[in-house]
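Take this structure, written in structure tokens, and hold onto it; I'll ask about it next.
Every read-out reported here was derived from the displayed coordinates using simple, explicitly stated rules and does not represent laboratory data. Keep in mind that this is a model prediction, so the values were computed, not measured. When we count neighbours, we look across all protein chains shown, and the Cβ atoms used for this are built from the backbone with ideal geometry, even at glycine.
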Amino acid sequence: MKIIMLGAPGAGKGTQAQQISAKYDIPQISTGDIFRANIKNNTELGAKAKVYMDAGDLVPDDLVIDLVADRITWDDCKDGYILDGFPRSIPQAEALDEILRSREDKVDYVLDIDVPDENIIHRMGGRRACPNCGATYHIEFNPPKVEGVCDNCGGELILRDDDKPETVKERLTVYHDQTQPLIDYYEKEDILESVDGTKEIDDVFNQIVEILGE
Ligand code: ADP
Ligand code: ADP
Ligand code: ZN
């Protein structure tokens with residue numbers, strides 16, 4: 001099963017992708033996590049991406065497309081995968097279609113997690129991320145068992161630099177300009193499924209299981 005997670009920054013893509021990954025046993029491929037790992041390891045890709053990420057802008061399409069094209073050929077992807085945060089622009093979606101078509105392959109579901117902008121800023125301020133394993137929490141809506149510590153791996157949780165309100169506003173603008181048009185794009189391909197992302201985390205997951213099947 002191949003799934004794309006769509007939605008504004010903070011809509012809950014990562015939170016849901018983590019649960020989908022556990023239930024259906026397919027990997028979560030988060031392009032944001034891959035870039036952050038590259039930044040941490042001081043790679044050339046990380047250095048290039050950081051400039052855009054700090055500003056709240058998208059990393060250029062060519063950098064992200066090559067990375068995903070390679071990642072989905074890994075062995076753990078043979079039964080499917082969840083693309084979390086990719087594609088984020090029409091050129092990325094077109095490139096993915098082209099890559100999959102050349103492999104006689106296709107995406108099965110595009111899950112659009114719908115959350116209005118008003119809810120997003122509050123969510124982002126309370127988000128805490130594990131730089132180690134990529135898990136995300138919320139100080140109010142999804143707290144870890146021990147404050148500041150990742151349930152999964154014991155890593156120390158952080159507030160991401162780009163989750164500060166000024167950067168979140170820029171990311172929302174970028175989302176509306178460049179990513180939201182993908183809703184129409186996938187509606188035309190007839191694989192778009194909308195999910196009400198304002199509900200509680202478990203309710204959102206239940207809506208997703210309804211779509212994907214048990
Ligand atoms: P969020 O969890 O808020 O949706 P991500 O962790 O997915 O954020 O992404 C963080 C940043 O990484 C983005 O703001 C962007 O700069 C960069 N990024 C991640 N995925 C992509 C992509 N597919 N195309 C371009 N930039 C990306
Ligand atoms: P995205 O990957 O789309 O950027 P995340 O999954 O990281 O979003 O979620 C953003 C923040 O909102 C996190 O702190 C997360 O714990 C919290 N969150 C996710 N889903 C919900 C929800 N349904 N209700 C309230 N808070 C949520
Ligand atoms: Zn962790």
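Counting only residues 5 or more places away or on other chains, whose amide H sits under 5 Å from the amide H of L157 once H atoms are built in the peptide plane?
Result for L157 returns V149, C150.
I'd like the FRET efficiency for M1 and N119, computed as 1/(1 + (r/R0)^6) with the beta carbon distance as r and R0 of 25 Å, rounded to 0.05.
Values: r = 28 Å, r/R0 = 1.14.
That pair, M1 with N119, gives E of 0.30.
Would you mind calculating the gained length between I201 and D75 on full extension (0.36 nm times residue separation, minus the Cα-Cα distance), in nm to one decimal? Mind showing how you got there, number by number?
Numbers: separation 126, 0.36 × 126 = 45.36 nm, distance 3.02 nm.
Going from the current span to full extension adds 42.3 nm.
Once you order the gyration tensor axes a ≥ b ≥ c over the Cα atoms, which shape class does the chain get: rounded for a/c under 1.5, otherwise prolate or oblate by comparing a/b with b/c? Write down the numbers at each step before the final one.
Values: a/c = 1.31, a/b = 1.16, b/c = 1.13.
Rounded, because the longest to shortest axis ratio a/c is under 1.5.
For the residue pair T43 and I99, what label-to-label distance in nm results when each label sits 7 Å from Cα along the Cα-to-beta-carbon direction?
With each label placed 7 Å out from Cα toward Cβ, I get 1.3 nm.
For segment 103-134 and segment 177-209, write down the distance between their C-alpha centroids in whole Å.
10
FRET efficiency for D161 and D184, Cβ-Cβ distance as r, R0 = 35 Å, nearest 0.05? Write out the running numbers ahead of the final one.
Numbers: r = 32 Å, r/R0 = 0.91.
Once the sixth-power term is evaluated, E becomes 0.65.
If you don't mind, another one. Quick one: if the Förster radius is 22 Å, what FRET efficiency do I211 and K106 give, using the C-beta to C-beta distance and rounding to 0.05?
Values: r = 17 Å, r/R0 = 0.76.
The calculated FRET efficiency here is 0.85.
Here is a further query. Which pairs, out of K23/K78; K48/K164; K13/K78; K48/K169; K23/K169; K106/K188, put more than 25 Å between their alpha-carbon atoms? Can you show the working numbers first?
Working: K23/K78 16 Å; K48/K164 21 Å; K13/K78 22 Å; K48/K169 22 Å; K23/K169 33 Å; K106/K188 15 Å.
Pairs exceeding the cut-off: K23/K169.
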